[in-house]
Amino acid sequence: MRWRRTVFGATTKLSDETLTRWTRTLAAAAALLAAAAAAPPAWAHARLVSTTPGDGAVLASAPPRVTIRFDDTVRVLGGTTVVANSGKRPVIAGKPRASGRAITIPLQKLRDGDYTVRWRVLSDDGHTVDGVFAFAVGAGRAPPSAALSAGGTNLTRTVISRWFFFAGLLIAVGVALFMPLAWRPALRAAGTDQDERALWPLVFSGFLLAFLGASSLIPHHDPGTTRFGLAYEIGGIVAVIGATLSGIALVDRRLGRGAFVCALALLPIPSVAGHALDRGQWPRPLNVAADILHVGAASMWIGGLLALAIGLPRAARKLSPEQRARFSAALVPRLSAIALASVAVIAVTGLIRALSELSAVSQLWSSGYGRALVVKTGLLALLVSLGWLNRSRLVPKLRLEALRRNVAIELVLLAGLVVAVAFLTDLAPGRQLSRAVAAPQAPQPITDPPPGATVLAGESGDRAVGLAIMPGGRFQATVLGPDENGVDGLSVAFRALGRTFGATPCGPGCYRADARIAAPRITVLLGSGPVAFAIPGRTQPASRLVSEARRAFASLRSLMIHERLASSPRDKLSTIFRIVAPDRLTYVTSAGSRAVVIGAQRWDANGKGPLVHSTTTPLQLPGAEWGPRWLNARALGWTRVGGRRARMVSFFDPRLPGWFELAVDPSTHRPLELKMTAAAHFMHHRYTNFNQPMKITAPR
């Protein structure tokens, strides 16, 4: 059977088979074109800035931790570890922790040898980044090589998942917007009471594709903890609700309004998750608006073409020939106007985003991102030109063979365009590359407390907070990050007696109260959690007492140390040390690790496993946790430890850096209790069994 149909104003004779094949090809090409045009400018990942220790470094003494710095906010993922190259045994002392742009991995007390660090992090924009490096402990050793390899990222799965989400978003949003803008006015012009039932299956399919894409991305991107994960978690929920409402709208058109709202809610998801909200984008509101308009315009394009290619034949079956002609005559001009406006918006917003992502014109040919952008733009221009040729010259004249040939060429160009977009989604924009080349300003070490100040310290998440109490009611807080540097840019305030006092930056990680405060308790307020301090009364110099405690500790013949060590409120480890001077110790941790050290010999075991022999550098035991140089030693008052009266002393060790509070027996000068607050190293010691008989022998 042959039908007479009106297409783009030309009355022609086409077989059902020819028209169906043509419309399907047009729909596929339109979907790919719009998806490619709407793909956001590359979602670049966090870049490694530095590591401590450095890659290939040979250290004379063992580091207490590994610090890795990036140029963007990151989250630690599973697989981040440090192992000894001999045997690949993990040597971490707690869970790796992230703080802003740095991650910290606490280490056990390392012996001489080679070690490999493998890290795996999640950028705030959803990219997974990983790598390895090696360092060695022991002066004179050769530079080490990594004993592990990076896990790599599954780019194929990520790209496919994102394309599912984008294809679904473009279809659902585009068709939902096309209904009130063109479809319903065309039905009214045709004088028919038909509704939009022919289009709701398309909207449902779009929401379903978006849900499949989001549900595939969410489990691999730490939902709720990164901007990317949270955005796509919300997008998945919106897609489920939209699919449900659009499915019901097939029988109850009133619920179509809810599906329309869900489509609008889905539209900003890529912009919120992508680089439009990154730091350094200025002005961010303009970038976000341009990104949303970019995706919305492409959605309108694809929505109109799909409605014409798939919805129109379905709706035409229920119309009379006269109504069909009026309907097509009203719909096609509206689609043409929408397509023209969409192309203009795509061009303008694409230019705005390109100017934001590239910091120099030369990056168009000097960076991979710029070259991929040029290829994508060229292919898009060819496709727009070819589409204009098809509409203005081939369709009205019914040159079907030429049309089929041009559609085949379009598909080849679309294949190249998809390749260019695939590269764009994994390449860093030029602005990020130039920022990395410019070497962002590294965090700075904290400065020593003011002379004469009394110092106290507390914990706020994985940050150490030191408080300097200066004469005259002046207060100064220092915030130390897990990377051993000051944390700048915080909104810090002091709370006392029901009032809140602002603070002014005074150096790396330093914040000074804007007013004098006289109160028995002060709380330092900052984003990672408040820290409360009890302010001591009159204090006295105590440097001599700290020196005597250090000498008394070093002269012990044996003792036990009950240690509680934490790198954050959630990551804690308890250890019992038994020490016999001058070079013997044994310990057992709450995690099941145990060790025996006798001179240059060491035996280690995990859990109930056997003790494994190795060699090490002989230790000088016992040794105080603080160094030979300390500052701001002040006697705070008296306390009781294990029934004994003890003098409380606080001081600052610039070597670490770290703050100490020490309880000292006034008769023997021995330390009874110690609290140390340093970078991601919050330690409490209780000392017992002084000089009691204790035997440590080699295991058999």
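The values are calculated or read from the model by the stated rules, or taken from the named source; none is laboratory data. Here the structure is a predicted model, which is why all the values come from computation and not from measurement. Ideal geometry is used to build each Cβ from the backbone, glycine not excepted, and the neighbour counts take in all protein chains shown.
Note on segment 88-115: residues that are within 17 Å of residue 681 (Cα to Cα), part of a loop (DSSP other than H, G, I, E, B) and among the charged types (D, E, K, R) total 2.
All told, residue 633 meets the bar of being crowded, with 20+ Cβ neighbours inside 10 Å, within 23 Å of residue 682 (Cα to Cα) and either touching a Phe, Trp or Tyr at 6+ places or on another chain (Cβ under 9 Å) or polar (S, T, N, Q) (or both). Of the strands (runs of 3 or more DSSP E) lying entirely inside segment 532-593, those containing at least 3 residues that are free of Cβ contacts under 8 Å to residues at least 40 places away in the same chain are 572-580, 584-589. Residues that are free of Cβ contacts under 8 Å to residues at least 60 places away in the same chain and surrounded by fewer than 21 Cβ atoms within 10 Å (Cβ to Cβ) within segment 453-481 comprise 470, 471, 472, 473, 474, listed in sequence order. Total residues in segment 89-120 satisfying the condition of being in contact with a Leu (Cβ under 6 Å, 6 or more places away or on another chain) and either more than 20 Å from residue 612 (Cα to Cα) or in contact (Cβ under 8 Å) with a residue 60 or more places away in the chain (or both): the figure is 4. Assessment of segment 117-140 against the conditions (at pLDDT below 85, over 15 Å from the mean Cα position of the chain (by Cα) and farther than 30 Å from residue 489 by Cβ) yields at least one matching residue.
Scanning segment 599-626 for residues that are aliphatic (A, V, I, L, M), buried (at least 17 other Cβ atoms within 10 Å of the Cβ) and under 17 Å from residue 696 (Cα atoms) returns 619, 621. Restricting segment 544-562 to residues that are surrounded by fewer than 17 Cβ atoms within 10 Å (Cβ to Cβ) and under 21 Å from residue 64 (Cβ atoms), the residue that is farthest from the chain's Cα centre (by Cα) is 554. Considering segment 44-74, and only residues there that are of a type in the set (A, V, I, L, M) and part of a loop (DSSP other than H, G, I, E, B), the residue that is surrounded by the fewest Cβ atoms within 10 Å (Cβ to Cβ) turns out to be 60. Under the condition of being in contact (Cβ under 8 Å) with a residue 40 or more places away in the chain, at negative phi and not β-branched (Val, Ile, Thr), the residues counted in segment 614-655 number 19. Taken over segment 656-700, the criterion of being within 47 Å of the chain's Cα centre (by Cα), among the basic types (Lys, Arg) and in a loop (DSSP other than H, G, I, E, B) is satisfied by 670 alone.
Take residue 155 and tell me if it is at pLDDT 85 or above and either touching a helix residue (DSSP H, G or I) at 6+ places or on another chain (Cβ under 9 Å) or not hydrophobic (A, V, I, L, M, F, W, C) (or both). In short, no.
Filtered by the rule that a residue be among the polar types (S, T, N, Q) and more than 30 Å from residue 92 (Cα to Cα), segment 513-567 gives 523, 539, 540, 543, 547, 555.
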